[in-house]
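The values are calculated or read from the model by the stated rules, or taken from the named source; none is laboratory data. Small disclaimer: the values here were computed from a predicted structure and weren't measured. When we count neighbours, we look across all protein chains shown, and the Cβ atoms used for this are built from the backbone with ideal geometry, even at glycine.
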């Protein structure tokens, strides 16, 4: 375990989850994952942080403004969830280390926990300043179909930084917590294909999000 992870977090420090992604579009799988993380990690709040330009994948199919609006519609009935607009106005790729540094400046008394999937953990050491991420926050890792903790960077990272859920409250940053969540079966790729084929009823989208997409004619081929 690193020295940074051995520090003690104040007992009353709010624990804020940061859920990053393109959310192109946000779907029921994202919401189910967010609810699971909130409950099982006893977070005080979870913030959806849509990126403007992701550094590791193709650019989103619709604008940042549309994706932010859809997130706000999807979480309207979730009092513990909030839109984090930090990355939306950037003209350059969004790097997690930079964003967490800004969030920590804005919320110095909070403990941050960045939510990723096991697929991302498997190549975390390729991320820009990945060590800085762990100096600013914890990582909460959700299971993803087809990925295990035995692949890629996972074994070394978990050997050095792995901990149980209690570490999220006991320490200010520097631990990796792996959850045993079910498969939240929904695919943004499949949703975009269905929308391009003019499908009208897509159960993996919140009705308010589907209505917004149809109203603005998003993802049309």
Restricting the stretch 47-72 to residues that are at pLDDT below 90 and under 30 Å from residue 165 (Cβ atoms), which is nearest to the chain's Cα centre (by Cα)? 51
Where residue 127 falls short, out of the listed (1) crowded, with 17+ Cβ neighbours inside 10 Å; (2) within 22 Å of residue 32 (Cβ to Cβ); (3) out of contact with any strand residue (DSSP E or B) (no Cβ under 8 Å at 6 or more places or on another chain): (2)
Could you check the stretch 172-183 and list, in sequence order, the residues that are at pLDDT below 95 and crowded, with 21+ Cβ neighbours inside 10 Å? none
May I ask you to list the residues in the stretch 70-88 that are outside any loop (DSSP other than H, G, I, E, B), touching a residue at least 24 places away in the same chain (Cβ under 8 Å) and farther than 17 Å from residue 38 by Cα? 70, 73
One residue is enough: does the stretch 32-46 have a residue meeting the conditions modelled with pLDDT under 95, surrounded by fewer than 16 Cβ atoms within 10 Å (Cβ to Cβ) and either more than 15 Å from the chain's Cα centre (by Cα) or in a loop (DSSP other than H, G, I, E, B) (or both)? no
